[in-house]
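*Asks:* Next up is a structure, given as C-alpha coordinates.
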Amino acid sequence: MPGYMYRAMGPDGKEKKGSITATNQEQAASKLKADGLIVMKIEPQSALNKEITFGGPRVKARDYAVYCRQFVAILKAGVSVINALQMMSEQTENKALRSATIALVDDLGKGETLSSAMKKQKVFPSIFVNLVAAGEATGSLETAFERMATQFEKEAQLKAIIKKATIYPVIVLIVAVGVIFAMMTFVIPNFMAMFEDMEVEMPAMTKAVIAMSDFFVAYWWLIIIVGVALFFGIKLYSQTISGRVLFGTLKLKLPGLGQLQTKTNCATFARTLSTLLRAGVPMLEALEITGNSMDGNILFQRAVYQARDQVGNGTSLSKPIKMSGLFPPMVVHMTSIGEETGELEDMLENIAEYYEEEVAEATEQMMAVMEPLIIVVLALIVGVIIMAILQPMLTLYDAVGNM
(Lines give C-alpha, C1' and ligand atoms only; values in the text may rest on other atoms or scores of the structure.)
Protein backbone atom coordinates (compact mmCIF):
# COMPACT_ATOMS: atom_id res chain seq x y z
CA MET A 1 0.00 0.00 0.00
CA PRO A 2 1.37 3.47 -0.87
CA GLY A 3 2.85 5.58 1.90
CA TYR A 4 2.26 9.28 2.57
CA MET A 5 4.22 11.82 4.60
CA TYR A 6 2.10 14.23 6.62
CA ARG A 7 2.34 17.31 8.81
CA ALA A 8 -0.62 17.84 11.11
CA MET A 9 -1.73 19.53 14.33
CA GLY A 10 -2.91 17.45 17.28
CA PRO A 11 -5.71 18.20 19.73
CA ASP A 12 -3.12 19.68 22.09
CA GLY A 13 -2.09 22.23 19.45
CA LYS A 14 1.32 20.64 18.87
CA GLU A 15 2.61 19.93 15.39
CA LYS A 16 3.12 16.31 14.44
CA LYS A 17 5.00 14.78 11.53
CA GLY A 18 5.07 11.20 10.34
CA SER A 19 4.06 8.68 7.71
CA ILE A 20 0.87 6.74 7.06
CA THR A 21 -0.16 4.01 4.61
CA ALA A 22 -3.39 4.26 2.64
CA THR A 23 -4.92 3.32 -0.72
CA ASN A 24 -4.87 6.96 -1.84
CA GLN A 25 -4.22 10.45 -0.52
CA GLU A 26 -7.88 11.02 0.38
CA GLN A 27 -8.01 7.89 2.51
CA ALA A 28 -4.78 8.92 4.25
CA ALA A 29 -6.30 12.30 5.10
CA SER A 30 -9.45 10.60 6.39
CA LYS A 31 -7.43 8.33 8.67
CA LEU A 32 -5.58 11.31 10.13
CA LYS A 33 -8.83 13.21 10.72
CA ALA A 34 -10.30 10.14 12.40
CA ASP A 35 -7.38 10.24 14.84
CA GLY A 36 -8.28 13.81 15.75
CA LEU A 37 -5.54 15.48 13.71
CA ILE A 38 -5.86 18.61 11.60
CA VAL A 39 -4.03 17.90 8.36
CA MET A 40 -1.70 20.72 7.31
CA LYS A 41 0.22 18.96 4.55
CA ILE A 42 0.19 15.49 3.02
CA GLU A 43 2.20 14.16 0.07
CA PRO A 44 3.18 10.79 -1.43
CA GLN A 45 6.14 9.12 0.20
CA SER A 46 9.27 8.91 -1.96
CA ALA A 47 12.88 7.82 -1.62
CA LEU A 48 13.78 11.45 -0.79
CA ASN A 49 11.25 12.14 1.96
CA LYS A 50 10.78 8.63 3.33
CA GLU A 51 11.41 8.23 7.03
CA ILE A 52 14.61 6.29 7.59
CA THR A 53 15.56 4.76 10.92
CA PHE A 54 19.22 3.84 11.42
CA GLY A 55 20.03 1.20 13.96
CA GLY A 56 16.47 1.14 15.31
CA PRO A 57 15.09 -2.01 16.89
CA ARG A 58 13.37 -4.37 14.48
CA VAL A 59 10.72 -6.92 15.28
CA LYS A 60 10.88 -10.18 13.37
CA ALA A 61 8.02 -12.58 12.77
CA ARG A 62 9.63 -15.05 15.19
CA ASP A 63 9.69 -12.36 17.90
CA TYR A 64 5.95 -11.83 17.45
CA ALA A 65 5.34 -15.59 17.59
CA VAL A 66 7.27 -15.96 20.87
CA TYR A 67 5.49 -12.91 22.29
CA CYS A 68 2.07 -14.40 21.48
CA ARG A 69 2.94 -17.85 22.86
CA GLN A 70 4.20 -16.35 26.12
CA PHE A 71 1.12 -14.16 26.46
CA VAL A 72 -1.23 -17.13 25.92
CA ALA A 73 0.64 -19.21 28.50
CA ILE A 74 0.32 -16.43 31.09
CA LEU A 75 -3.39 -15.87 30.37
CA LYS A 76 -4.12 -19.61 30.67
CA ALA A 77 -2.57 -19.50 34.14
CA GLY A 78 -5.45 -17.24 35.20
CA VAL A 79 -3.52 -13.98 35.20
CA SER A 80 -5.40 -10.80 34.17
CA VAL A 81 -4.51 -9.08 30.91
CA ILE A 82 -2.88 -6.05 32.53
CA ASN A 83 -0.83 -8.21 34.91
CA ALA A 84 0.14 -10.47 32.01
CA LEU A 85 1.40 -7.43 30.12
CA GLN A 86 3.40 -6.29 33.14
CA MET A 87 5.06 -9.70 33.26
CA MET A 88 5.67 -9.58 29.50
CA SER A 89 7.33 -6.16 29.79
CA GLU A 90 9.92 -7.72 32.10
CA GLN A 91 10.69 -10.86 30.10
CA THR A 92 10.34 -9.79 26.45
CA GLU A 93 13.80 -9.67 24.89
CA ASN A 94 13.02 -7.45 21.88
CA LYS A 95 13.49 -3.83 22.93
CA ALA A 96 10.77 -2.45 20.64
CA LEU A 97 8.21 -4.95 21.91
CA ARG A 98 9.25 -4.37 25.51
CA SER A 99 8.84 -0.58 25.32
CA ALA A 100 5.52 -0.99 23.48
CA THR A 101 4.29 -3.39 26.15
CA ILE A 102 5.14 -0.89 28.90
CA ALA A 103 3.06 1.69 27.02
CA LEU A 104 0.21 -0.83 26.75
CA VAL A 105 0.16 -1.27 30.53
CA ASP A 106 -0.16 2.49 30.98
CA ASP A 107 -2.98 2.78 28.43
CA LEU A 108 -4.91 -0.17 29.88
CA GLY A 109 -4.59 1.43 33.29
CA LYS A 110 -6.38 4.47 31.84
CA GLY A 111 -9.31 2.31 30.72
CA GLU A 112 -8.43 1.73 27.05
CA THR A 113 -9.00 -1.60 25.34
CA LEU A 114 -5.99 -3.70 24.39
CA SER A 115 -6.64 -3.33 20.64
CA SER A 116 -6.99 0.47 20.80
CA ALA A 117 -3.81 0.68 22.87
CA MET A 118 -1.95 -1.53 20.39
CA LYS A 119 -3.15 0.60 17.48
CA LYS A 120 -1.23 3.55 18.95
CA GLN A 121 2.03 1.55 18.92
CA LYS A 122 3.65 1.33 15.47
CA VAL A 123 5.42 -1.87 16.45
CA PHE A 124 2.20 -3.91 16.15
CA PRO A 125 1.13 -4.63 12.54
CA SER A 126 -2.48 -4.24 11.40
CA ILE A 127 -3.13 -7.99 11.45
CA PHE A 128 -2.07 -8.06 15.11
CA VAL A 129 -4.39 -5.20 16.09
CA ASN A 130 -7.38 -6.53 14.15
CA LEU A 131 -7.09 -10.06 15.53
CA VAL A 132 -6.89 -8.69 19.09
CA ALA A 133 -9.97 -6.53 18.41
CA ALA A 134 -11.83 -9.57 17.09
CA GLY A 135 -10.75 -11.60 20.14
CA GLU A 136 -12.00 -8.89 22.48
CA ALA A 137 -15.34 -8.67 20.64
CA THR A 138 -15.92 -12.43 20.83
CA GLY A 139 -14.41 -12.96 24.28
CA SER A 140 -11.73 -15.28 22.90
CA LEU A 141 -8.53 -13.30 23.37
CA GLU A 142 -6.48 -16.43 24.03
CA THR A 143 -7.64 -17.96 20.75
CA ALA A 144 -6.75 -14.77 18.90
CA PHE A 145 -3.20 -14.82 20.27
CA GLU A 146 -2.84 -18.54 19.47
CA ARG A 147 -3.86 -17.85 15.87
CA MET A 148 -1.41 -15.00 15.68
CA ALA A 149 1.36 -17.21 17.06
CA THR A 150 0.68 -19.78 14.34
CA GLN A 151 0.50 -17.04 11.70
CA PHE A 152 3.84 -15.51 12.67
CA GLU A 153 5.51 -18.92 13.04
CA LYS A 154 4.51 -19.84 9.50
CA GLU A 155 5.65 -16.43 8.27
CA ALA A 156 9.01 -16.87 10.00
CA GLN A 157 9.43 -20.31 8.42
CA LEU A 158 8.76 -18.91 4.94
CA LYS A 159 11.22 -16.08 5.45
CA ALA A 160 13.86 -18.49 6.72
CA ILE A 161 13.41 -20.68 3.64
CA ILE A 162 13.74 -17.70 1.28
CA LYS A 163 16.77 -16.43 3.18
CA LYS A 164 18.38 -19.84 2.89
CA ALA A 165 17.87 -19.76 -0.87
CA THR A 166 19.48 -16.33 -1.30
CA ILE A 167 22.26 -16.10 1.29
CA TYR A 168 24.53 -18.75 -0.30
CA PRO A 169 24.74 -17.23 -3.81
CA VAL A 170 25.11 -13.72 -2.35
CA ILE A 171 28.05 -14.79 -0.17
CA VAL A 172 29.70 -16.65 -3.04
CA LEU A 173 29.21 -13.66 -5.34
CA ILE A 174 30.80 -11.28 -2.82
CA VAL A 175 33.77 -13.63 -2.32
CA ALA A 176 34.16 -14.07 -6.08
CA VAL A 177 34.16 -10.31 -6.72
CA GLY A 178 36.70 -9.84 -3.93
CA VAL A 179 39.00 -12.55 -5.31
CA ILE A 180 38.82 -11.23 -8.87
CA PHE A 181 39.44 -7.67 -7.68
CA ALA A 182 42.50 -8.82 -5.67
CA MET A 183 43.90 -10.84 -8.59
CA MET A 184 43.43 -7.99 -11.06
CA THR A 185 44.88 -5.36 -8.73
CA PHE A 186 47.77 -7.20 -7.06
CA VAL A 187 48.50 -10.69 -8.40
CA ILE A 188 48.51 -10.15 -12.17
CA PRO A 189 50.58 -6.90 -12.16
CA ASN A 190 53.29 -8.54 -10.04
CA PHE A 191 53.27 -11.69 -12.14
CA MET A 192 53.35 -9.93 -15.51
CA ALA A 193 56.27 -7.75 -14.39
CA MET A 194 58.51 -10.76 -15.06
CA PHE A 195 57.78 -10.58 -18.80
CA GLU A 196 58.36 -6.85 -19.25
CA ASP A 197 62.08 -7.19 -20.09
CA MET A 198 61.57 -10.27 -22.25
CA GLU A 199 60.68 -10.08 -25.92
CA VAL A 200 57.73 -12.41 -25.67
CA GLU A 201 54.67 -11.92 -27.85
CA MET A 202 51.69 -11.93 -25.54
CA PRO A 203 48.65 -13.95 -26.63
CA ALA A 204 45.39 -12.07 -27.21
CA MET A 205 43.82 -13.48 -24.04
CA THR A 206 46.79 -12.34 -21.96
CA LYS A 207 46.69 -8.85 -23.50
CA ALA A 208 43.00 -8.56 -22.64
CA VAL A 209 43.57 -9.64 -19.04
CA ILE A 210 46.55 -7.26 -18.69
CA ALA A 211 44.43 -4.40 -20.06
CA MET A 212 41.73 -5.17 -17.50
CA SER A 213 44.35 -5.40 -14.76
CA ASP A 214 45.82 -2.03 -15.75
CA PHE A 215 42.34 -0.49 -15.60
CA PHE A 216 41.76 -1.97 -12.14
CA VAL A 217 45.10 -0.65 -10.87
CA ALA A 218 44.57 2.84 -12.30
CA TYR A 219 40.90 3.27 -11.51
CA TRP A 220 40.21 0.96 -8.53
CA TRP A 221 38.75 3.92 -6.62
CA LEU A 222 36.38 4.71 -9.51
CA ILE A 223 35.22 1.07 -9.64
CA ILE A 224 34.41 1.14 -5.92
CA ILE A 225 32.56 4.47 -6.19
CA VAL A 226 30.53 3.30 -9.20
CA GLY A 227 29.76 0.00 -7.49
CA VAL A 228 28.57 1.66 -4.27
CA ALA A 229 26.58 4.29 -6.20
CA LEU A 230 24.99 1.60 -8.34
CA PHE A 231 24.06 -0.44 -5.29
CA PHE A 232 22.39 2.44 -3.46
CA GLY A 233 20.84 3.75 -6.68
CA ILE A 234 19.17 0.40 -7.34
CA LYS A 235 18.12 0.19 -3.69
CA LEU A 236 16.49 3.63 -3.79
CA TYR A 237 14.84 2.95 -7.15
CA SER A 238 13.46 -0.35 -5.86
CA GLN A 239 11.57 1.62 -3.20
CA THR A 240 9.69 3.70 -5.79
CA ILE A 241 6.44 2.50 -7.35
CA SER A 242 7.96 2.07 -10.83
CA GLY A 243 10.97 0.28 -9.35
CA ARG A 244 8.80 -2.09 -7.32
CA VAL A 245 6.78 -2.90 -10.45
CA LEU A 246 9.92 -3.48 -12.52
CA PHE A 247 11.65 -5.71 -9.97
CA GLY A 248 8.39 -7.48 -9.14
CA THR A 249 7.96 -8.34 -12.82
CA LEU A 250 11.58 -9.49 -13.13
CA LYS A 251 11.24 -11.72 -10.07
CA LEU A 252 8.29 -13.50 -11.66
CA LYS A 253 10.04 -13.96 -15.02
CA LEU A 254 13.39 -15.27 -13.79
CA PRO A 255 13.73 -19.07 -14.16
CA GLY A 256 13.26 -20.85 -10.85
CA LEU A 257 12.84 -17.65 -8.87
CA GLY A 258 9.54 -16.88 -10.60
CA GLN A 259 7.89 -20.08 -9.40
CA LEU A 260 9.29 -19.57 -5.92
CA GLN A 261 7.88 -16.03 -5.82
CA THR A 262 4.44 -17.22 -6.92
CA LYS A 263 4.31 -20.04 -4.38
CA THR A 264 5.52 -17.80 -1.56
CA ASN A 265 2.92 -15.12 -2.28
CA CYS A 266 0.15 -17.74 -2.59
CA ALA A 267 1.11 -19.17 0.79
CA THR A 268 1.17 -15.71 2.40
CA PHE A 269 -2.16 -14.75 0.82
CA ALA A 270 -3.97 -17.91 1.88
CA ARG A 271 -2.49 -18.13 5.39
CA THR A 272 -3.11 -14.47 6.28
CA LEU A 273 -6.64 -14.32 4.85
CA SER A 274 -7.61 -17.62 6.50
CA THR A 275 -6.32 -16.45 9.90
CA LEU A 276 -8.23 -13.16 9.67
CA LEU A 277 -11.50 -14.69 8.49
CA ARG A 278 -11.40 -17.36 11.21
CA ALA A 279 -11.03 -14.59 13.78
CA GLY A 280 -14.19 -12.93 12.50
CA VAL A 281 -12.58 -10.02 10.65
CA PRO A 282 -14.87 -8.79 7.81
CA MET A 283 -13.84 -9.85 4.30
CA LEU A 284 -13.00 -6.38 2.95
CA GLU A 285 -10.90 -5.49 5.97
CA ALA A 286 -9.23 -8.90 5.88
CA LEU A 287 -8.30 -8.43 2.21
CA GLU A 288 -6.81 -5.01 2.92
CA ILE A 289 -4.68 -6.38 5.76
CA THR A 290 -3.67 -9.32 3.60
CA GLY A 291 -2.60 -6.93 0.85
CA ASN A 292 -0.54 -4.95 3.37
CA SER A 293 1.32 -8.13 4.34
CA MET A 294 2.22 -8.95 0.72
CA ASP A 295 4.72 -6.13 0.25
CA GLY A 296 7.36 -8.50 -1.14
CA ASN A 297 5.91 -8.21 -4.63
CA ILE A 298 3.78 -5.22 -5.58
CA LEU A 299 2.07 -7.13 -8.41
CA PHE A 300 0.46 -9.58 -5.98
CA GLN A 301 -0.24 -6.74 -3.55
CA ARG A 302 -2.11 -4.79 -6.23
CA ALA A 303 -4.02 -7.91 -7.23
CA VAL A 304 -5.28 -8.34 -3.65
CA TYR A 305 -6.27 -4.65 -3.41
CA GLN A 306 -8.17 -4.93 -6.71
CA ALA A 307 -9.86 -8.09 -5.42
CA ARG A 308 -10.90 -6.16 -2.30
CA ASP A 309 -12.48 -3.42 -4.42
CA GLN A 310 -14.36 -5.90 -6.61
CA VAL A 311 -15.53 -7.97 -3.65
CA GLY A 312 -16.85 -4.73 -2.19
CA ASN A 313 -18.94 -4.35 -5.35
CA GLY A 314 -20.47 -7.80 -4.89
CA THR A 315 -18.07 -9.99 -6.90
CA SER A 316 -16.90 -13.32 -5.53
CA LEU A 317 -13.22 -13.48 -4.46
CA SER A 318 -12.29 -16.19 -6.97
CA LYS A 319 -13.11 -14.02 -10.01
CA PRO A 320 -10.70 -11.11 -9.44
CA ILE A 321 -7.81 -13.35 -8.38
CA LYS A 322 -8.36 -15.34 -11.58
CA MET A 323 -8.46 -12.17 -13.70
CA SER A 324 -5.14 -11.02 -12.20
CA GLY A 325 -3.36 -13.87 -13.99
CA LEU A 326 -0.93 -14.20 -11.07
CA PHE A 327 -2.53 -16.92 -8.96
CA PRO A 328 -2.27 -20.56 -10.14
CA PRO A 329 -5.50 -22.35 -11.21
CA MET A 330 -5.50 -24.46 -8.04
CA VAL A 331 -5.78 -21.35 -5.85
CA VAL A 332 -8.65 -20.04 -7.98
CA HIS A 333 -10.55 -23.35 -8.02
CA MET A 334 -10.15 -24.06 -4.31
CA THR A 335 -11.19 -20.50 -3.44
CA SER A 336 -14.27 -20.87 -5.64
CA ILE A 337 -15.17 -24.19 -4.01
CA GLY A 338 -14.69 -22.68 -0.57
CA GLU A 339 -17.06 -19.83 -1.43
CA GLU A 340 -19.69 -22.19 -2.81
CA THR A 341 -19.58 -24.57 0.16
CA GLY A 342 -19.20 -21.89 2.84
CA GLU A 343 -15.83 -23.33 3.92
CA LEU A 344 -13.55 -20.64 2.54
CA GLU A 345 -11.37 -20.52 5.68
CA ASP A 346 -10.68 -24.28 5.50
CA MET A 347 -9.89 -24.13 1.79
CA LEU A 348 -7.53 -21.21 2.28
CA GLU A 349 -5.75 -23.05 5.07
CA ASN A 350 -5.34 -26.10 2.81
CA ILE A 351 -3.92 -23.83 0.09
CA ALA A 352 -1.48 -22.31 2.59
CA GLU A 353 -0.24 -25.68 3.83
CA TYR A 354 0.20 -26.96 0.26
CA TYR A 355 2.19 -23.96 -0.94
CA GLU A 356 4.28 -23.75 2.22
CA GLU A 357 5.45 -27.29 1.47
CA GLU A 358 5.95 -26.33 -2.18
CA VAL A 359 8.13 -23.37 -1.19
CA ALA A 360 10.39 -25.63 0.88
CA GLU A 361 10.68 -28.14 -1.96
CA ALA A 362 11.24 -25.48 -4.63
CA THR A 363 13.95 -23.89 -2.52
CA GLU A 364 15.82 -27.17 -2.15
CA GLN A 365 15.58 -27.81 -5.90
CA MET A 366 16.82 -24.31 -6.73
CA MET A 367 19.73 -24.68 -4.33
CA ALA A 368 20.60 -28.06 -5.83
CA VAL A 369 20.85 -26.45 -9.29
CA MET A 370 22.42 -23.18 -8.17
CA GLU A 371 25.38 -24.57 -6.21
CA PRO A 372 27.06 -26.46 -9.09
CA LEU A 373 26.16 -23.64 -11.53
CA ILE A 374 27.94 -21.05 -9.37
CA ILE A 375 30.97 -23.34 -9.04
CA VAL A 376 31.13 -23.80 -12.84
CA VAL A 377 30.92 -20.04 -13.50
CA LEU A 378 33.64 -19.30 -10.95
CA ALA A 379 35.81 -22.06 -12.39
CA LEU A 380 35.48 -20.54 -15.87
CA ILE A 381 36.44 -17.06 -14.65
CA VAL A 382 39.43 -18.28 -12.67
CA GLY A 383 40.39 -20.62 -15.51
CA VAL A 384 40.53 -17.75 -18.00
CA ILE A 385 42.80 -15.75 -15.67
CA ILE A 386 45.10 -18.74 -15.08
CA MET A 387 45.33 -19.46 -18.82
CA ALA A 388 46.17 -15.82 -19.47
CA ILE A 389 49.08 -16.17 -17.02
CA LEU A 390 50.27 -19.56 -18.27
CA GLN A 391 50.23 -18.84 -22.01
CA PRO A 392 53.18 -16.38 -22.05
CA MET A 393 55.11 -18.74 -19.79
CA LEU A 394 54.57 -21.61 -22.22
CA THR A 395 55.55 -19.34 -25.11
CA LEU A 396 58.77 -18.41 -23.28
CA TYR A 397 59.62 -22.05 -22.55
CA ASP A 398 59.12 -22.93 -26.24
CA ALA A 399 61.42 -20.09 -27.27
CA VAL A 400 64.09 -21.21 -24.84
CA GLY A 401 63.74 -24.81 -25.97
CA ASN A 402 64.25 -23.89 -29.62
CA MET A 403 67.49 -21.98 -28.92
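The values are calculated or read from the model by the stated rules, or taken from the named source; none is laboratory data. The structure displayed is predicted, hence computed values, not measured ones. Every residue, glycine as well, gets a Cβ built from its backbone with ideal geometry; the counts of neighbours run over all protein chains shown.
*Asks:* Among the listed residues Glu288, Glu339, identify the single one that is surrounded by 18 or more Cβ atoms within 10 Å (Cβ to Cβ), closer than 24 Å to Ala134 by Cβ and of a type in the set (D, E, K, R).
*Replies:* Values: Glu339 fails: surrounded by 18 or more Cβ atoms within 10 Å (Cβ to Cβ).
Glu288 is the lone residue from the list that is surrounded by 18 or more Cβ atoms within 10 Å (Cβ to Cβ), closer than 24 Å to Ala134 by Cβ and of a type in the set (D, E, K, R).
*Asks:* Find the helices (runs of 4 or more DSSP H) located wholly in the stretch 118-206 whose residues include 2 or more that are over 30 Å from Lys60 (Cβ atoms) and at pLDDT 80 or above, and list them.
*Replies:* Numbers: elements: 126-138, 141-182, 188-192.
Ranges flagged: 141-182.
*Asks:* Can you tell me which residue among Val359, Val304 is touching a residue at least 40 places away in the same chain (Cβ under 8 Å) and buried (at least 21 other Cβ atoms within 10 Å of the Cβ)?
*Replies:* Val359
*Asks:* Here are some residues: Ala156, Ala144, Ala134, Ala160. Which one is within 30 Å of Ala77 (Cα to Cα) and within 21 Å of the chain's Cα centre (by Cα)? Don't jump to the end; show me each part of the working.
*Replies:* On the way: Ala144 fails: within 21 Å of the chain's Cα centre (by Cα); Ala134 fails: within 21 Å of the chain's Cα centre (by Cα); Ala160 fails: within 30 Å of Ala77 (Cα to Cα).
Being within 30 Å of Ala77 (Cα to Cα) and within 21 Å of the chain's Cα centre (by Cα) holds for just one of Ala156, Ala144, Ala134, Ala160, which is Ala156.
*Asks:* For the structure I just gave you, tell me whether Met366 is among the hydrophobic types (A, V, I, L, M, F, W, C), in contact (Cβ under 8 Å) with a residue 40 or more places away in the chain and either within 30 Å of Ser336 (Cα to Cα) or crowded, with 17+ Cβ neighbours inside 10 Å (or both). Break it down into steps so the answer makes sense when it comes.
*Replies:* On the way: among the hydrophobic types (A, V, I, L, M, F, W, C): yes; in contact (Cβ under 8 Å) with a residue 40 or more places away in the chain: yes; either within 30 Å of Ser336 (Cα to Cα) or crowded, with 17+ Cβ neighbours inside 10 Å (or both): yes.
Considered against the rule, which asks whether it is among the hydrophobic types (A, V, I, L, M, F, W, C), in contact (Cβ under 8 Å) with a residue 40 or more places away in the chain and either within 30 Å of Ser336 (Cα to Cα) or crowded, with 17+ Cβ neighbours inside 10 Å (or both), Met366 comes out as yes.
Yes/no matrix, rows are residues, columns are (1) within 15 Å of the chain's Cα centre (by Cα); (2) of a type in the set (Val, Ile, Thr):
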{"residue": "Gly233", "(1), (2)": "no, no"}
{"residue": "Pro255", "(1), (2)": "no, no"}
{"residue": "Asn265", "(1), (2)": "yes, no"}
{"residue": "Ile289", "(1), (2)": "no, yes"}
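So that you can scan it fast, the table gives a plain yes or no per residue for (1) surrounded by 20 or more Cβ atoms within 10 Å (Cβ to Cβ); (2) out of contact with any strand residue (DSSP E or B) (no Cβ under 9 Å at 6 or more places or on another chain); (3) in contact (Cβ under 8 Å) with a residue 24 or more places away in the chain:
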site: Pro255; (1), (2), (3): no, yes, no
site: Gly258; (1), (2), (3): no, yes, no
site: Thr268; (1), (2), (3): yes, yes, yes
site: Gly280; (1), (2), (3): no, yes, yes
site: Met294; (1), (2), (3): yes, yes, yes
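*Asks:* Can you pull out the residues in the stretch 79-103 that are among the β-branched types (Val, Ile, Thr), touching a residue at least 24 places away in the same chain (Cβ under 8 Å) and within 13 Å of Ala117 (Cα to Cα)? Quick ask: steps written out before the conclusion?
*Replies:* Here is the first cut: in the stretch 79-103, the residues among the β-branched types (Val, Ile, Thr) are 79, 81-82, 92, 101-102.
Checking the rest, the ones that are also touching a residue at least 24 places away in the same chain (Cβ under 8 Å) come to 81-82, 92.
Passing the criteria: Val81, Ile82.
*Asks:* Tell me, please, whether a residue that is among the hydrophobic types (A, V, I, L, M, F, W, C), surrounded by fewer than 20 Cβ atoms within 10 Å (Cβ to Cβ) and within 22 Å of the chain's Cα centre (by Cα) can be found in the stretch 96-119.
*Replies:* Yes, the stretch 96-119 has at least one match.
*Asks:* Sort out which residues of the stretch 23-58 are assigned to a loop (DSSP other than H, G, I, E, B), under 30 Å from Asp309 (Cβ atoms) and at pLDDT 70 or above, and write them in order of number.
*Replies:* Those that are assigned to a loop (DSSP other than H, G, I, E, B), under 30 Å from Asp309 (Cβ atoms) and at pLDDT 70 or above: Asn24, Asp35, Gly36, Leu37.
*Asks:* Within the set of pairs 6+ apart or on separate chains, which have a first residue in the stretch 204-225 that is under 18 Å from Val187 (Cα atoms), a second that is not in a helix (DSSP H, G or I), and C-beta atoms under 8 Å apart?
*Replies:* Qualifying pairs under 8 Å: Ile210/Met202.
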